[in-house]
1. By how many degrees, 0 to 90 and rounded to 10, does the Cα axis of helix 258-268 deviate from the longest principal axis of the chain?
2. Hey, with R₀ at 41 Å, roughly what FRET efficiency would residue 273 and residue 88 work out to, going by the Cβ-Cβ distance, to 0.05?
3. In what sequence do 88, 141 fall when counting other Cβ within 10 Å, fewest first?
4. Using alpha-carbon pairs under 8 Å, 6+ residues apart, how would you state the relative contact order of the range 202-346 in percent?
5. At 0.890 mPa s and 25 °C, plugging the Kirkwood radius over alpha-carbon pairs of the range 122-218 into Stokes-Einstein gives what diffusion coefficient in µm²/s?
6. Give, in nm to one decimal, the length gained when the segment between residue 137 and residue 346 is fully stretched (0.36 nm per residue of separation minus the Cα-Cα distance).
7. Mean 1/r over all different Cα pairs, inverted: what Kirkwood radius does the range 198-293 give, in Å?
8. Roughly speaking, what is the centre-to-centre gap between the range 77-135 and the range 206-222 when only Cα atoms are used, to the nearest Å?
């Protein structure tokens, strides 16, 4: 063929080869996505600062790095999340340890594979000007709590440990989003919840100061939120190990980059206020380290805290079944190494 001339056949061949080269990376990416193991995660609550680590892990590609394509769904309380995982409607959940123990005592097959909130974040909250100065002042009062949530299930234990008859306090169901306004508007005398989930919005949006009564101060020492699975999922150890590693990395990265954390949360839930998200995250970080988990990687769970959790369940939740603490959790999938140890103070 003379120089500078190209037949129609030559042009078609060249064009096809060029298209193949251009399309190759896209094909590789598509094949790579197909090779990822699809799993779902049910969070404990709506997206916010406390559970942002999962969203960060997804955005930073940590899940994909471990061969996982994770779909994240917002939760409606630990009780609901535990039931969803127990029914295998989701492979992973983020739920409270007390709730997990209570659910297992009723026959569910669940296990926590990484603990994030290692200090119980549950608290009864009243406005600073309230006449409720101590837990005993709740007698005769109405308290709003989301039914089935961790704080709902632990509330009788908190009252008993505070010397209050649970029958003397009226509990009404409130939606999580409406709890703060209900307290501010005087519809209830108090609310109970994870402090990091309620205090920021009440103080920042509602411009009201809050007085918390911590469950842990009343002796309700329990393992709180962590990553949970159905027992059958234990047959896929590599999937669990990858999920735990990526999640821990997400939580630690979010803490080290708080501004990025707030923007990631807003991407997933446009209605969030970055200032509130940041305050939520900061309060949640105070639950990461306890005397029994000091200098341990995030995710590692203290045996004595699980023993305390079961003791509280048996003393206050009417659990009479043989419930062994060691059957409720495992540290086998938690990453080791100094890089996974969180800051020891907020």
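Readers should treat all values here as calculations from the given coordinates under stated rules, not as data from a laboratory. Values in this document were obtained by computation on a predicted structure and should not be read as measured data. Ideal geometry is used to build each Cβ from the backbone, glycine not excepted, and the neighbour counts take in all protein chains shown.
1. The angle comes out at about 80 degrees.
2. Details: r = 36 Å, r/R0 = 0.87.
E(calc), rounded to 0.05, equals 0.70.
3. Ranked by crowding around the Cβ, least crowded first: 88, 141.
4. On the way: 112 pairs, mean separation 42.8, N = 145.
Across the range 202-346, relative contact order equals 30 percent.
5. Numbers: Rh = 12.9 Å.
Approximately 190 µm²/s, per Stokes-Einstein.
6. Numbers: separation 209, 0.36 × 209 = 75.24 nm, distance 3.14 nm.
Difference between extended and current length: 72.1 nm.
7. Values: mean 1/r = 0.0623 Å⁻¹.
One over the average 1/r among Cα pairs gives 16.0 Å for the range 198-293.
8. Spelled out, the Cα-based centre of one part sits 16 Å from the other.
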